[in-house]
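Take a look at the structure set out below.
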Protein chains: 2
Amino acid sequence: MEISALLEQAKNVCQQRGVRFTPVREQVFLLLAKHSNAVGAYDLLSELQTIDPAAKPATIYRALDFLGQQGFVHKIESINAFVMCHHFSDCSHPVQLLICDQCGHVEEIQSQNLDLAIRSMADASGFNISHQIVEAHGKCQRCP
Amino acid sequence: MEISALLEQAKNVCQQRGVRFTPVREQVFLLLAKHSNAVGAYDLLSELQTIDPAAKPATIYRALDFLGQQGFVHKIESINAFVMCHHFSDCSHPVQLLICDQCGHVEEIQSQNLDLAIRSMADASGFNISHQIVEAHGKCQRCP
DNA sequence: GGCAAAAAAGTTTAATCAATGTCTTTTATG
DNA sequence: CATAAAAGACATTGATTAAACTTTTTTGCC
């Protein structure tokens, strides 16, 4: 399965970085991996509560925080939701998302050009980018 | 002053479009215009309440909704805040923002290239963009 | 012009969704 | 075993929307 491969990969990355992939973090990771679409923190929370009824918002947010820092998941700012990243091996890439407003599908694209275009625009204003958010909303090819 | 010019312009635009620039909307517009930085809805609310103590969250959100629809203000998704747009005469341009995390200054840039780069990336995936969000965080040229 | 009907805007109250703070307890690791 | 990181518990703040109702504005018609 692809999920278990992803999980292995994540575990390896954590090992290498000397950070802890704890049970809570793993559970949240798996929950996210099961969704092909983006998921809200509170949806995730209620799913987590079926496993661990004591889970609270902070539980989820802490786990998401960690997973985000490691680059395993991305937060979608425009809809307050989270998606699994499938290319976290190549570290700290710029994140560019296509979000279908009809079916909810999220596609992550990787355009060096786009990244460069943004950086050059910023340079022109003497601005130094540390983090960028690119989210396009619309209709994916599968939706009518 | 620049603010009153902006106000006039907004009034004209509304007149042309046959939509109503009511007192509440004008007040919120002016509050936003006074800020050079982005402002949160609740900050705006408490400012509005000094004029109109009866104002509630819905008051602000409805006004912001309207101002957003007309293109007078932009919402910054990554920080849940709002900024005045100074080029609302040329209608419905793509919004690209540089947000300084140190001083809070927000600069709106206008790059046709960037817009095209995003669109062509989307096209490649058969994706049809209706709305795009581009927000870069970092350090502006004035900050050390 | 004056007025009824319809449309738009605003008010109120409440609920929901999203995120963080603080303090205590547990757990891993040197 | 000491220490630091993580998780738990509890509470609160912040952000946004919903639903029901009232007021204001517009507009066509007498």
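Within region A:70-93, does at least one residue satisfy the condition of being out of contact with any His (no Cβ under 8 Å at 6 or more places or on another chain) and over 23 Å from A:E108 (Cα atoms)? Within region A:70-93 (the criterion being out of contact with any His (no Cβ under 8 Å at 6 or more places or on another chain) and over 23 Å from A:E108 (Cα atoms)), the answer is no, since none of the residues qualifies. Say whether the condition of being hydrophobic (A, V, I, L, M, F, W, C) and either assigned by TED's automatic domain parsing to the domain that holds B:I109 or within 19 Å of A:E77 (Cβ to Cβ) (or both) is met by at least one residue in region B:49-65. So far as region B:49-65 goes, yes, one or more of its residues are hydrophobic (A, V, I, L, M, F, W, C) and either assigned by TED's automatic domain parsing to the domain that holds B:I109 or within 19 Å of A:E77 (Cβ to Cβ) (or both). Residues that are within 18 Å of the chain's Cα centre (by Cα) and among the hydroxyl-bearing types (S, T, Y) within region B:96-144 comprise B:S111, B:S130, listed in sequence order.
Within the set B:L64, B:L7, the sole residue that is outside any loop (DSSP other than H, G, I, E, B), modelled with pLDDT of 90 or more and under 12 Å from the mean Cα position of the chain (by Cα) turns out to be B:L64. Comparison of B:Q15, B:Q110, B:Q96 shows that the only residue that is exposed (fewer than 12 other Cβ atoms within 10 Å of the Cβ) and more than 12 Å from DNA strand C (Cβ to nearest atom) is B:Q15.
Of all residues assigned to region A:43-59, none qualifies as being charged (D, E, K, R) and away from DNA strand C (no atom under 15 Å from the Cβ). Applying the criterion of being within 22 Å of A:A58 (Cα to Cα) and not in a helix (DSSP H, G or I) to the residues of region A:10-28, the residue that is nearest to DNA strand D (Cβ to nearest atom) is A:T22. In the list A:L44, A:L32, which residue meets the criterion of being touching a residue at least 24 places away in the same chain (Cβ under 8 Å), touching a strand residue (DSSP E or B) at 6+ places or on another chain (Cβ under 6 Å) and in the same structural domain as A:N80 (by TED's automatic domain parsing)? Within the list A:L44, A:L32, the selection yields A:L32.
Scanning region A:29-60 for residues that are near DNA strand D (Cβ under 9 Å from one of its atoms) and assigned to a helix (DSSP H, G or I) gives A:P57, A:A58, A:T59.
Scanning region B:66-93 for residues that are more than 20 Å from A:I76 (Cβ to Cβ) and away from DNA strand C (no atom under 16 Å from the Cβ) yields B:V83, B:M84, B:C85, B:H86, B:H87, B:F88, B:S89, B:D90, B:C91, B:S92, B:H93.
The values are calculated or read from the model by the stated rules, or taken from the named source; none is laboratory data. This one's a predicted model, so the numbers in the text were calculated from it and none came from an experiment. With ideal geometry, Cβ positions are generated from the backbone for all residues, glycine too; neighbour counts draw on all protein chains shown.
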